[in-house]
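The structure under discussion appears below in the form of structure tokens.
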Amino acid sequence: MGRPELVAIGAPFLAVVVFGLVHSDSRGIDVTLDLDQGRALEGERLTIRVAVRADRIVRRFELRLGLGHVLTIEQAAGCRVVGPGAVESSIGPGGETFIEIEVEAHRWGVYHLDRVTIFAADAFGVFIGSQKVPTGPTLKILPDPETARRLLEPIETQLAYGDLVSRRRGPGLEFADLREFETGDDPRQINWRASARRGELWVNDRHPERNSDVVLLIDALPEARRGVEASLDLAVRAIAGLARSHLRRHDRVGLVTFGEPIRWLLPGMGQVQRYRILDALLESRITRQLYWRGISGIPRRVLPAKALIICLTPMLDDRVVDAIADLKGRRFDVAVVEIPAEEFVALPTDRIGKTARRIWELERSEIRSVLARHGIAAVRWDPRDPFESALMEVEAFRRHATRTRV
């Protein structure tokens with residue numbers, strides 16, 4: 001423009017920009033992350049320890065965890081919280097600073113803390129460089145189990161000892177009936193009062209204490225989703241609660257994940273089996289395969305005879321409904337708890353949307369009716385109610401079906 005005074009005014013600012021561009025570099029910053037525990041339940045808090053080292057003075061840097069929908073920062077030591085998943089601090093002349101971040105876990109799953117990004121400003125605060133942490137620890141957030149105080153009882157129990165009262169008679173604690181003394185009976189079982197009244201020996205019959213084989217089947221095929229919440233989340237939390245309660249009852253519990261591909265876990269007992277089931281649930285995300293094997297691809301040991309099979313499904317895939325009918329045809333004791341998929345689907349509120357929703361509900365009602373005609377208890381679980389309310393409905397259906405057969 002032929003005005004040298006403009007150059008004189010802008011030269012200092014241009015010099016600051018050039019100097020900052022030359023010296024701005026975030027590659028000299030090293031970040032190390034460590035967890036105080038590698039496992040946590042939903043709703044629990046854990047501490048992330050961060051060590052930041054640099055070969056120069058950093059007036060201000062921002063550390064972002066990158067898991068805002070999973071981890072929420074509650075407290076921080078040695079830094080300042082500037083967002084749901086971000087903290088801010090600085091590096092002095094020592095070239096090193098330590099940060100402790102207390103976070104709360106919100107969503108189950110397996111997460112690798114390799115999305116951490118650090119934004120560092122130069123000495124003049126003109127440029128901000130970013131750098132991603134290449135490696136980080138692995139965090140397993142276990143699902144918070146639904147409480148199930150009342151459980152389903154199988155039609156047939158197993159021979160192993162447990163907390164269930166068998167319908168058969170044998171050595172046990174639960175009184176069943178009185179009968180006449182026979183050769184070979186245990187004299188300790190003689191009922192002396194009844195024998196004195198009747199003038200002959202009578203003995204007590206008892207029900208033995210047995211356990212059961214329970215196979216939990218979770219539908220991980222295409223799911224209904226709204227935001228970060230999905231129907232699979234409800235199913236996983238319910239399965240975790242069922243596994244914990246049945247294992248406390250000394251039952252053998254197995255797991256079958258209906259995904260792509262199908263995964264299974266052999267029935268087992270004890271606290272170790274519970275953590276095996278939780279680890280298997282963490283992997284119940286959808287993975288694609290080229291073909292569908294169905295029930296035929298599951299080994300026989302996974303589905304033992306007289307096993308109680310409890311299936312949790314949103315009934316969005318016909319393959320799962322066919323598999324349930326196949327299990328019933330093999331004379332397994334099957335119960336189905338439906339996850340309400342409509343709670344996660346937002347249909348239009350106009351006349352066409354209401355009609356489509358009505359047709360969808362009629363189709364799902366027809367599926368429940370078909371399962372009921374085949375003797376399969378299929379109930380709908382309202383997430384606003386405790387999970388054991390759905391189990392009580394299943395038990396009521398089974399009692400009604402038993403009376404009808406009799």
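Where a number appears in this text, it was derived from the coordinates with a stated rule and is not lab data. Bear in mind the structure is a predicted one, so any value in this text is a computation, not a measurement. Note that each Cβ is placed from the backbone with ideal geometry, even for glycine, and that neighbours are counted across all protein chains shown.
Per-structure values
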read-out	value
Asp205 long-range amide H proximity, modeled H, under 5 Å	Ala176, Asp177, Leu178, Arg179
Surface/4 of the Cα convex hull for the stretch 213-405, nm²	11.7
Packing-based order for 54-67, 240-253, using average beta carbon neighbours within 10 Å, highest first	240-253, 54-67
Peptides ranked, highest mean first, by Cβ atoms within 10 Å: ranges 229-238, 72-81	229-238, 72-81
Radius of gyration and Dmax over the Cα atoms of the stretch 216-269, both given in Å	12.5, 38
Residues whose placed amide H lies under 5 Å from that of Val336, excluding near-sequence neighbours	Cys311, Ala377, Ala378, Val379
Cβ-placed point charges (K, R +1; D, E -1), dipole of the stretch 68-117 about Cα centre in debye, nearest 20	180
Eligible lysines near Lys306 by straight Cα distance, threshold 30 Å, same-chain separation 8 or greater	Lys328
Rounded to whole Hz, the Karplus (6.51, -1.76, 1.60) HN-Hα couplings of the stretch 356-368, x for glycine and proline	5, 5, 5, 5, 5, 5, 5, 5, 5, 5, 5, 4, 5
Given charges at Cβ of Lys, Arg, Asp, Glu: the stretch 23-142 dipole, positive-most of Ile73, Phe119, Ile57	Phe119
Vicinal HN-Hα couplings computed from phi for the stretch 180-189 (Karplus, 6.51 cos²θ - 1.76 cosθ + 1.60; Hz; Gly/Pro x)	5, 5, 10, 4, x, 5, 6, x, 5, 8
All lysines inside 29 Å of Lys140 as judged from Cα atoms, apart from same-chain residues fewer than 8 positions distant	Lys132
Amide H contacts under 5 Å for Asp144, placed H, 5+ residues apart	Glu42
Whole-Hz couplings from phi, Karplus 6.51/-1.76/1.60, listed for the stretch 196-203; x for Gly and Pro	5, 5, 9, x, 8, 6, 10, 10
